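Remarks on the structure that follows.
The values are calculated or read from the model by the stated rules, or taken from the named source; none is laboratory data. Because the structure is a prediction, the values reported are computed rather than measured. Quick reminder, even Gly has a Cβ in these numbers, built from the backbone with ideal geometry, and neighbours come from all protein chains shown. Accessible surface areas use protein heavy atoms only, side chains included; no ligands, DNA or RNA. Shrake-Rupley method; radii C 1.70, N 1.55, O 1.52, S 1.80 Å.
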Amino acid sequence: DTGVSQDPRHKITKRGQNVTFRCDPISEHNRLYWYRQTLGQGPEFLTYFQNEAQLEKSRLLSDRFSAERPKGSFSTLEIQRTEQGDSAMYLCASSSGSNTGELFFGEGSRLTVL
Amino acid sequence: AQSVTQLGSHVSVSEGALVLLRCNYSSSVPPYLFWYVQYPNQGLQLLLKYTTGATLVKGINGFEAEFKKSETSFHLTKPSAHMSDAAEYFCAVGRQNNQGGKLIFGQGTELSVKP
C-alpha cells in the first residue's frame, strides 16, 4: 500500500466553475477526513466519514461544498461555483479508527481560483 | 471544545543548537496530542504522539515532547538541530480513545536552521 493518494495535485480554475477532488485512503482504513490549509495556517477540519457515513461537518463547509464516500472506499470533495477565497490546499487523511488517533495524510490537492 | 496554540510562527536556530517549539492546548476531555511535520509541497508526516502512559514521548529524527497536564503544554524539542529539520511543524489535539476522530491543529511554526 502506497498511502493516501489525492488527485489532481494541482487545479487552476476560473471563478464560478465547479471542481472535484478525489482521495483514495489507505485500503484498510475505515475513516476518511478532509481538511483545508491556506498559506501560513494549520489544517482546518472540514468533514469526516466512517465507512460511507458522513459523521461530522464543519461550519466551514458551506452549501457549495459537498463530500461523498459512496462505497466506503474513495471519497470526492466537490466545490460548486468556486470563489477566489476557495483557493487553498485540500488535504485528505485516513485512519483505522483505532485508539491511537493517528491520521495519515496525502500530499494534498492545491486549488487556485482565478 | 478543543484548541491548540503554537507560540511563535517562526523559529530560527543554528545548526547544532537546541530546538524548542512550543504548543499549548485546551481540551475539555483527556487529550491525545500530536506533532506533525510538513516539508514544502508534501503532506503532513507524524513526528510523535502522546496517547496515554509515559508523558515523555520520543519520535522520529531525534525529536521528543513532554505532556505536562498542569501546564496544558506539549512542547517539542530536539537537542541538536540539523539542516534537514527545516520545515513547518504542527501541533494537534484529538480526543482520547479517538472519540470523534478529528484532530484540531495549531497554526504551525516554521523552523529555519542556519549553518
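Residues to consider are A:Leu77, A:Leu91, A:Leu32; find the one that is part of a strand (DSSP E or B), more than 14 Å from every other protein chain (Cβ to nearest Cβ) and open to solvent by less than 60 Å² (accessible area, probe 1.4 Å).
Matching residue, one of A:Leu77, A:Leu91, A:Leu32: A:Leu77.
Would you point out the residue of segment B:8-19, among those that are open to solvent by 40 Å² or more (accessible area, probe 1.4 Å) and out of contact with any helix residue (DSSP H, G or I) (no Cβ under 9 Å at 6 or more places or on another chain), that is farthest from the other protein chains (Cβ to nearest Cβ)?
So, considering only residues that are open to solvent by 40 Å² or more (accessible area, probe 1.4 Å) and out of contact with any helix residue (DSSP H, G or I) (no Cβ under 9 Å at 6 or more places or on another chain), the one farthest from the other protein chains (Cβ to nearest Cβ) is B:Gly16.
Inside segment B:45-55, can you point out the residues that are among the polar types (S, T, N, Q) and assigned to a loop (DSSP other than H, G, I, E, B)?
B:Thr51, B:Thr52, B:Thr55
Applying the selection to segment A:1-10, what residues are open to solvent by 80 Å² or more (accessible area, probe 1.4 Å) and assigned to a strand (DSSP E or B)?
A:Asp7, A:His10
Among the residues of segment A:17-34, is any under 20 Å from B:Phe105 (Cβ atoms) and free of Cβ contacts under 8 Å to residues at least 60 places away in the same chain?
There is at least one residue in segment A:17-34 that is under 20 Å from B:Phe105 (Cβ atoms) and free of Cβ contacts under 8 Å to residues at least 60 places away in the same chain.
Condition check ((1) modelled with pLDDT of 95 or more; (2) more than 7 Å from every other protein chain (Cβ to nearest Cβ); (3) surrounded by fewer than 21 Cβ atoms within 10 Å (Cβ to Cβ)) across all residues:
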{"site": "B:Leu76", "(1), (2), (3)": "yes, yes, no"}
{"site": "B:Pro79", "(1), (2), (3)": "yes, yes, yes"}
{"site": "B:His82", "(1), (2), (3)": "yes, yes, yes"}
{"site": "B:Asp85", "(1), (2), (3)": "yes, yes, yes"}
{"site": "B:Cys91", "(1), (2), (3)": "yes, yes, no"}
{"site": "B:Asn98", "(1), (2), (3)": "no, no, yes"}
{"site": "B:Leu103", "(1), (2), (3)": "no, no, no"}
{"site": "B:Gln107", "(1), (2), (3)": "yes, no, yes"}
{"site": "B:Val113", "(1), (2), (3)": "yes, yes, yes"}
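Please count how many residues of segment B:11-44 are part of a strand (DSSP E or B) and over 20 Å from B:Ser80 (Cβ atoms).
Counting residues in segment B:11-44 that are part of a strand (DSSP E or B) and over 20 Å from B:Ser80 (Cβ atoms) gives 12.
If you take the residues in segment A:11-29 that are crowded, with 16+ Cβ neighbours inside 10 Å and β-branched (Val, Ile, Thr), which one is modelled with the lowest pLDDT?
It comes out as A:Ile26.
Taking segment B:20-34 as the search range and keeping residues that are among the polar types (S, T, N, Q) and touching a residue at least 40 places away in the same chain (Cβ under 8 Å), which one is most open to solvent (accessible area, probe 1.4 Å)?
Result: B:Ser26.
Collect the residues in segment B:19-33 that are of a type in the set (A, V, I, L, M, F, W, C), over 12 Å from B:Leu111 (Cα atoms) and at pLDDT 95 or above, keeping them in residue-number order.
Within segment B:19-33, just B:Cys23 meets the criteria.
Going through segment A:45-74 one residue at a time, which ones are open to solvent by less than 20 Å² (accessible area, probe 1.4 Å) and charged (D, E, K, R)?
A:Arg69
Scan segment A:37-58 and tell me whether some residue there is out of contact with any helix residue (DSSP H, G or I) (no Cβ under 6 Å at 6 or more places or on another chain), within 18 Å of A:Thr112 (Cβ to Cβ), more than 14 Å from every other protein chain (Cβ to nearest Cβ) and among the hydrophobic types (A, V, I, L, M, F, W, C).
No, that holds for no residue.
Which residues, counting only those in segment B:36-74, are within 14 Å of another protein chain (Cβ to nearest Cβ) and surrounded by fewer than 12 Cβ atoms within 10 Å (Cβ to Cβ)?
B:Pro40, B:Asn41, B:Thr52, B:Gly53, B:Ile60
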